[in-house]
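Written out below as structure tokens is the structure these notes cover.
What follows is calculated from the coordinates using simple rules that are stated; it is not laboratory data. As the structure is a computational prediction, the values presented were derived from the model and not from experiment. As a convention, Cβ positions derive from the backbone with ideal geometry for all residues, glycine included, and neighbour counts pool all protein chains shown.
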């Protein structure tokens with residue numbers, strides 16, 4: 001069966017708060033010149049992956065211009081749900097007004113869950129099971145204080161509404177490919193507050209192998225080469241990895257520029273590559289081809305290819321651009337960050 | 001106390017708390033939040049449910065420096081009486097804002113946020129707050 | 001309708017009563033009132049207990065049977081009446097109705113609140129129950145905060161300086177000095193008020209009635225009982241009118257925030273029922289849980305024009321010897337505000353004045369007194385007008 005799905009709405013959300021890596025480095029005595037990114041988003045004390053997902057979804061609905069009740073599926077990809085047991089999808093759907101005739105579930109695959117949610121919705125739309133489906137990647141990622149992840153683990157959400165391609169479609173789905181192996185480079189055990197990772201092992205056997213596997217797999221399957229794409233976005237735990245993998249695959253800086261945002265906002269985990277994709281859509285022209293390749297530890301990558309359609313022109317202004325959220329910021333110091341993130345021992 | 005740990009109590013109100021579901025009186029024209037059977041002003045039962053706009057402005061505000069127990073950890077925070085674009089008025093917390101930024105007449109927009117938790121192992125109570133609108 | 005008289009009053013001092021429990025406080029004020037009336041406790045046929053938060057702060061409800069048991073008159077009709085901070089006034093209103101209806105010859109209205117066993121934030125949680133739990137308390141509102149919104153609205157509408165409103169607290173403290181029942185028997189200056197910490201902007205700590213424990217009780221009876229059972233016929237007070245009115249419970253549903261509509265409704269009915277006008281009132285107790293409420297109440301009761309309640313405070317009109325002596329025993333701010341008991345303390349203070357027992361604070365020839373008790377942010381207001389008849 002062929003793919004018969006398109007993005008009809010997309011939206012993102014970033015918290016207003018930021019902390020600079022230099023500020024974190026000062027606290028932990030690290031060389032302030034050797035920090036992985038410039039700054040990262042910090043969720044407010046009343047925010048979690050669920051509230052951010054709602055805001056991103058509201059933006060997606062604004063662009064989709066459909067009543068929320070038409071949404072028939074809500075899939076939420078996150079590694080930081082507010083509950084260990086109890087779905088976020090139900091709350092988001094209820095708040096949006098999409099209940100009760102609905103497929104809804106939370107999904108976890110580290111940073112990959114957002115694109116996996118997209119893949120499932122694409123499948124459900126293509127098969128005719130549903131008309132409109134919402135796929136969300138959202139995270140308020142936690143790094144152990146002082147750990148490498150403390151410098152990058154950020155917060156953000158992206159939401160995509162898919163339906164069958166129509167006249168006002170934003171981007172049609174051209175092809176998908178998924179690449180998964182048992183490669184434990186990063187995990188968080190049940191009941192643990194912070195994740196663990198395996199330092200350099202997270203590079204070559206995990207990130208690079210899976211992203212390259214998925215990207216090459218898709219291109220081979222579709223008979224495409226890097227130069228056929230106008231824009232590409234890779235998962236971005238830092239700035240270095242996506243730049244290197246782009247080079248390894250044969251993509252240029254020009255192709256990657258809109259999709260690479262980690263330096264400004266940090267690693268938003270399940271929302272990272274979907275937010276990059278949103279920024280591409282904020283800038284893309286009809287007819288352009290876009291590639292998104294996610295990566296989630298554990299490990300796996302999804303590659304999805306899109307063709308931007310005419311609908312983008314009339315819809316992208318219906319909700320705030322990614323750039324709006326990037327520019328909208330308030331800096332906090334490490335103490336406020338620690339308070340917001342519940343890192344202070346209260347009992 | 002029992003009421004702070006009640007899940008059904010929260011569940012029952014979820015739609016009105018999540019969605020800014022208000023009412024409009026067809027007799028006196030009052031728009032109000034939340035929706036209910038009778039108009040609070042004229043008592044008419046001739047009311048319709050209406051989804052209220054997510055933007056408005058601050059009429060009056062205060063800074064809560066001595067909070068009820070459940071909100072103690074958020075002190076100090078701003079509580080505001082807000083007039084939405086269609087005239088409906090709602091009491092809500094402000095968020096994403098520093099104490100010195102707020103002023104009467106400030107444009108605000110609705111956001112979905114966490115209000116409180118029923119303890120560390122209890123359910124989370126979400127609702128509408130407002131943030132400054134650029 | 002039968003005429004209703006007050007023949008006995010009793011109260012504990014308002015303070016942190018570390019040694020007295022909720023029931024101890026009730027029993028103490030009840031016995032004082034019974035002794036003051038010179039009757040037997042068995043003469044009391046019904047008890048109405050004003051209380052707001054015994055359930056939340058003390059884990060104790062069913063105050064009617066509790067007091068009847070500890071007072072040793074089990075069998076009597078007794079129950080709790082609740083209308084937030086207006087509970088005391090509402091209990092008095094029920095007691096009035098019980099006698100006026102002809103059902104009972106002699107009843108007791110008693111108010112009690114035991115607050116200081118709880119930490120402040122729990123008291124704050126208890127007090128916000130005076131408003132809508134789901135759509136007001138849910139937002140993290142405190143009761144002070146709601147009054148702060150009223151304060152802001154008033155300042156904006158009339159362009160008044162905060163110092164002029166905050167003066168109400170200074171006024172109350174001045175008179176509490178001479179009241180042995182008062183919680184804070186010391187004078188304060190306007191600088192003290194304005195320099196005290198903010199609780200909910202713009203309301204300062206010293207603009208808020210304090211947290212305290214207390215109980216007060218009033219014996220009410222009909223004319224028949226008065227003639228037959230009461231030996232001392234001096235200083236008998238008649239209840240000319242007792243009216244309770246409600247308003248929309250939450251501010252955001254109202255059209256105005258600078259007037260308490262329930263005060264206007266209840267007082268105009270009460271004046272009519274008593275066949276008097278505001279100018280006939282010699283002494284008044286207003287519910288100044290916060291300075292702004294004192295100012296607004298003076299206007300709503302008809303003692304000042306709209307927007308000028310603060311002026312009559314500044315110009316000395318509410319002093320003893322002024323046009324309308326107000327809160328002459330210290331008011332909520334300084335006499336104290338054990339919430340559910342406050343409405344009864346107000347009656348206690350008015351009766352003290354009308355009987356000529358107010359000592360250094362005595363208003364000369366006080367004949368008619370009015371008490372205004374407010375529940376919530378004006379969701380309930382009770383007006384009681386009393387007159388010395390013998």
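What FRET efficiency comes out for the pair residue C:1/residue C:232, r = Cβ-Cβ distance, R0 = 22 Å, nearest 0.05?
Numbers: r = 25 Å, r/R0 = 1.15.
After rounding to 0.05, the efficiency reads 0.30.
For every helix of n ≥ 4 consecutive DSSP H residues, a contribution of -39,500 (n - 2.57) applies; sum these over chain B, divide by its total residues, and give [θ] at 222 nm rounded to the nearest 500 deg cm²/dmol. Could the numbers behind the result be given before it?
On the way: 2 runs with 12 residues, N = 134.
That calculation yields -2000 deg cm²/dmol at 222 nm.
Would you please calculate the Kirkwood hydrodynamic radius of the protein assembly as shown over all C-alpha pairs and express it in Å, rounded to one decimal?
Details: mean 1/r = 0.0333 Å⁻¹.
Hydrodynamic radius (Kirkwood, Cα only) of the protein assembly as shown equals 30.0 Å.
Expressed as a whole percent, how much of the Cα-Cα distance distribution for chain C exceeds 40 Å?
Details: 5659 of 75855 pairs.
Across chain C, Cα pairs with separations above 40 Å total 7 percent.
Describe numerically, in nm with one decimal, the distance between label points set 7 Å from Cα along Cα→Cβ at residue B:7 and at residue C:194.
According to this spin-label approximation, the distance is 5.4 nm.
Using the Cα atoms as the points, what is the convex hull volume per residue of region C:100-219 in Å³?
Taking only Cα atoms, region C:100-219 has a hull volume of 184 Å³ per residue.
For a distance above 28 Å, tell me the whole-number percent of Cα pairs in region A:171-312 that qualify.
15 percent
Region A:206-241 to region C:282-315: how many Å between their Cα centroids?
74 Å
Would you kindly calculate the translational diffusion coefficient of region B:2-132, applying Stokes-Einstein with the Kirkwood radius from alpha carbon pairs, for 10 °C and a viscosity of 1.306 mPa s, and quote it in µm² s⁻¹ without decimals?
It comes out at roughly 101 µm²/s.
Using the C-alpha atoms of chain A, what convex hull volume per residue, in cubic angstrom, is computed?
Taking the convex hull of the Cα positions in chain A, it is 124 Å³ per residue.
Can you tell me the orientation of helix C:291-300 relative to chain C, as the angle in degrees between its alpha-carbon axis and the longest Cα principal axis, to the nearest 10?
Relative to chain C, helix C:291-300 is tipped by roughly 70 degrees.
For region C:87-167, taking Cα atoms only, what is the radius of gyration to one decimal and the Dmax to the nearest whole Å?
Computed over the Cα atoms of region C:87-167, radius of gyration and Dmax are 18.5, 51 Å.
Taking other Cβ within 10 Å of each residue's Cβ, how do C:285, A:47 sort, fewest first?
Listing C:285, A:47 from fewest to most nearby Cβ atoms yields A:47, C:285.
Please rank C:310, A:187, fewest neighbouring Cβ atoms within 10 Å first, as an exposure proxy. Numbers along the way, then the final one.
Numbers: C:310 27, A:187 14.
Going from sparsest to densest Cβ surroundings: A:187, C:310.
Pairs of Cα atoms under 8 Å, at least six residues apart: use those to get the relative contact order of region A:92-241, whole percent.
Computed value for region A:92-241: 17 percent relative contact order.
Can you tell me the mean projection area, over all orientations, of the convex hull of region B:14-53's alpha carbons? Units nm², please.
2.4 nm²
Using Cα-Cα distances under 8 Å and only pairs 6 or more residues apart, what relative contact order does region C:45-197 have, in percent? Intermediate values should be presented prior to the final figure.
Values: 188 pairs, mean separation 30.2, N = 153.
Answer for region C:45-197 is 20 percent.
Give the Cα extents of region A:68-121 along the principal axes, in whole Å, largest first.
29, 24, 13
At each listed q (0.19, 0.22 Å⁻¹), what is the log10 of I(q)/I(0) that the Debye formula gives for region A:27-154 modelled as equal alpha-carbon point scatterers?
-1.01, -1.26
Helix A:49-64: angle to the longest alpha-carbon principal axis of chain A, degrees 0 to 90, nearest 10?
30 degrees
Report the Cα centroid-to-centroid distance between region C:53-120 and region C:241-278 in angstrom, as an integer.
Result: 24 Å between the Cα centres.
For chain A, set up a Gaussian network in which alpha carbons nearer than 10 Å are linked by springs, and say which option among A:112, A:316, A:30 fluctuates the most.
The residue that fluctuates most here is A:30.
Can you compute the helix-only [θ] at 222 nm over chain C? Use -39500 (n - 2.57) per DSSP H run of at least 4 residues, normalise by all residues, nearest 500 deg cm²/dmol.
Working: 12 runs with 136 residues, N = 390.
Helices in chain C give a 222 nm mean residue ellipticity of -10500 deg cm²/dmol.
Let me check against my output: what whole-number percent is the relative contact order of chain A, with C-alpha pairs under 8 Å and at least 6 apart? Please report the intermediate quantities before stating the final value.
On the way: 905 pairs, mean separation 87.5, N = 347.
Relative contact order comes out at 25 percent.
Express as a percent, rounded to the nearest 5, the fraction of DSSP beta bridges in region C:249-390 (both residues included) that run antiparallel.
Counting DSSP beta bridges with both partners in region C:249-390, the antiparallel share is about 65 percent.
Just rank B:27, C:172, fewest to most, by other beta-carbon atoms within 10 angstrom.
Ordered by Cβ neighbours within 10 Å, fewest first: B:27, C:172.
Evaluate E = 1/(1 + (r/R0)^6) for residue A:189 and residue B:44, where r is the Cβ-Cβ distance and R0 equals 56 Å; express this FRET efficiency to the nearest 0.05.
0.45
What do you get for Rg/Rh over region A:150-202 if you use C-alpha atoms and the Kirkwood form of Rh?
Here Rg/Rh amounts to 1.14.
Quote the FRET efficiency, to the nearest 0.05, computed for residue A:310 versus residue A:244 with a Förster distance R0 of 51 Å and r equal to the Cβ-Cβ distance.
Values: r = 35 Å, r/R0 = 0.69.
Efficiency for this residue pair is about 0.90.
Can you give me the P(r) profile for region A:78-214? Cα pairs, bins 5 angstrom wide beginning at 0, each as a whole percent.
2, 8, 16, 19, 19, 15, 11, 7, 3, 1, 0
To two decimal places, what compactness ratio does region C:255-336 give when its Cα radius of gyration is scaled by 2.2 N^0.38 Å? Show your work: numbers first, answer last.
Details: Rg = 12.2 Å, N = 82, 2.2 N^0.38 = 11.7 Å.
Working it through for region C:255-336, the quotient is 1.04.
Would you work out the Kirkwood radius for region A:258-316? I mean one over the mean of 1/r across all pairs of different Cα atoms, in Å.
Hydrodynamic radius (Kirkwood, Cα pairs) of region A:258-316 is 12.3 Å.
For region C:33-171, report the % of Cα-Cα distances exceeding 20 Å.
60 percent
Bin by bin, in steps of 5 Å, what percent of the Cα pairs in region A:276-347 do you find, going until the bin that has the longest distance?
Pairs per bin, as whole percents: 3, 12, 15, 12, 12, 13, 13, 9, 6, 2, 1, 0.
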